Amino acid sequence: MFEEAAETAAMIRRQAGIVPKVALVLGSGLGAVADAVEAPQTLAYRDLPGFPRPSVAGHGGSLILGRIAGLPVAVLQGRAHYYESGRADGMNLALAVLKELGCARLILTNAAGSLRADVGPGRLMLIRDHINFAGVSPLFGLAGNARFVDLVDAYDPAARAAIVDVAGRLGLPLAEGVYVWFCGPHFETPAEIRAAQVLGGDAVGMSTVPEVIVARLLGLKVSALSMITNLAAGMSAEPLSHDHTMQHATAAAADMARLLTAYLETLAHDGPEP
Ligand code: HPA
């Protein structure tokens, strides 16, 4: 389906002597997680055909290959957002390349607004399911029956249980819930937030969902974690801004790094096929 991916994967293989098993996508302010990569080899997206050209402050635009807790990983620092281009397929090729390189599993992270007053800024939320409020698909225009992707258990249940377990062991409070994807780049209105709450959402954000959809098409096992940077629009007196998101993202990034590192450690111990 994504034929160009093989070529970019071959190019990466020539430059990096590592076969990544797990891919991680880092959201706004989560660059610190990249510091956990041992013996990192960094490739700029601009040198990788098919990789995005992120335009958001706090999104680096590099692919880092190395090990975390002994596990070979590919870390994507920076992602394409739907709101940058009006296209939801900006990550399709990059994810196909990661699959081609050997990744069987994808872990997505993002910054999100909370729909729950009891889960405030600085908290982490494991995504259990999503609602596609943007109403578009990264699979628009693809042909063939594979495009009719089943999204039941899109967020790997076994991985979710393992991550909850790890958080418990670390004593890290971890919420679990439904992520509602809004198109951005504007924040939501208070009325939209009330609607998302009524529909069963727990957090809102502008990313991740298209990546989950294409990853499931590719057959990758998917997990996703949100770092709550704010209460959603209308829920608090604090005005929303990207700067505000970044401030809270940086504060909670250390918890995210701890959780991810400890989880990857369990995958490393589970054997060669994480
Ligand atoms: N809404 C959408 N995206 C976000 C938010 C929000 O409140 N916070 C961080 N990313």
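Quick look at the numbers
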item	result
Projected label distance in nm at D165 and A146, using a 7 Å step from Cα toward the beta-carbon	3.2
Amide H partners (placed H, <5 Å) of V222, local residues excluded	L106, D156
Theoretical ellipticity at 222 nm over the chain - DSSP helices of four or more residues, -39500 (n - 2.57) apiece, nearest 500	-10000 deg cm²/dmol
The stretch 99-213: antiparallel DSSP beta bridges as a percent of all, rounded to 5	15
Most to least accessible of S241, S55, S28 (protein chains only, probe 1.4 Å)	S55, S241, S28
Mean separation of Cα contacts under 8 Å (6+ apart) over length of the chain, as relative contact order %	26
Accessible area in square angstrom per residue, the chain, 1.4 angstrom probe	41
Mean separation of Cα contacts under 8 Å (6+ apart) over length of the stretch 39-152, as relative contact order %	19
Rounded tilt (10° steps) of 157-170 against the dominant C-alpha axis of the chain	70
When the convex hull of its Cα atoms is projected in every direction, mean area for the stretch 29-171 (nm²)	10.5
Bridge type composition, the chain - antiparallel percent by DSSP, nearest 5	35
C-alpha center-to-center spacing [the stretch 62-134, the stretch 1-45] in angstrom	13
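The values are calculated or read from the model by the stated rules, or taken from the named source; none is laboratory data. Source: prediction; values computed, not measured. Here Cβ is always computed from backbone atoms with ideal geometry, including for glycine, and neighbour counts include all displayed protein chains. For the accessible areas, the whole protein counts, side chains as well, though only heavy atoms, and no ligand, DNA or RNA atoms are used. Shrake-Rupley method; radii C 1.70, N 1.55, O 1.52, S 1.80 Å.
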